[in-house]
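See structure below.
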Amino acid sequence: MRLDKFLKVSRLIKRRTVANEACDAGRVTLNGRPARASAQVKPGDVIEIQFGTKTVKVQVLKLQDTTKKEEAAELFQYL
């Protein structure tokens, strides 16, 4: 699954276009490396997102194409 789509489906970022822009600006890293929106995500990967002064670090647990709001938190775990 593409990184920008995972960020949207997991509700870490609300919109896919915003996820795309965050990747282009270099604010998203995948396994410690700056990631493009088209990077492939798989379970076990570590994603780090910078929101201004706050940094969110999560580990991917599973992938789904769509999810309900209540189930979105099951796709990742905070580190």
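Each Lys or Arg adds one and each Asp or Glu takes one away; over the other residues whose Cβ falls under 15 Å from the Cβ of GLN59, this sums to 0.
Express the accessible area of the chain per residue in Å², computed with a 1.4 Å probe while the remaining protein chains stay in the model.
64
Separation of the range 14-33 from the range 46-60 is 10 Å, based on Cα centroids. Packing, as the average of other Cβ atoms within 10 Å across residues, places the peptides 60-69, 5-14, 30-39 in the order 5-14, 30-39, 60-69, highest first. The label point for LYS62 and the one for GLU21, both projected 7 Å from the Cα toward the Cβ, are 3.3 nm apart. If R0 equals 22 Å, the separation of the Cβ atoms of TYR78 and LYS42 corresponds to a calculated FRET efficiency of about 0.75.
Whenever you get a sec, line up ARG27, ARG15 from highest to lowest accessible area (probe 1.4 Å, protein heavy atoms).
Details: ARG27 100, ARG15 145 Å².
The residues order as ARG15, ARG27, largest area first.
With all protein chains in place and a 1.4 Å probe, the accessible surface of the chain carries 47 percent carbon and sulfur.
The phi-based Karplus calculation (6.51 cos²θ - 1.76 cosθ + 1.60; θ = phi - 60°) puts the 3J(HN,Hα) values of the range 3-13 at 4, 5, 5, 4, 4, 6, 4, 7, 6, 6, 10 Hz, whole numbers, x for Gly and Pro.
The values are calculated or read from the model by the stated rules, or taken from the named source; none is laboratory data. Given the structure is predicted, the values throughout are model-derived calculations rather than measurements. Every residue, glycine among them, receives a Cβ derived from its backbone with ideal geometry; neighbour counts consider all protein chains shown. Side chains are part of the model used for accessible areas, which takes the heavy atoms of the whole protein and leaves out ligands, DNA and RNA. Shrake-Rupley method; radii C 1.70, N 1.55, O 1.52, S 1.80 Å.
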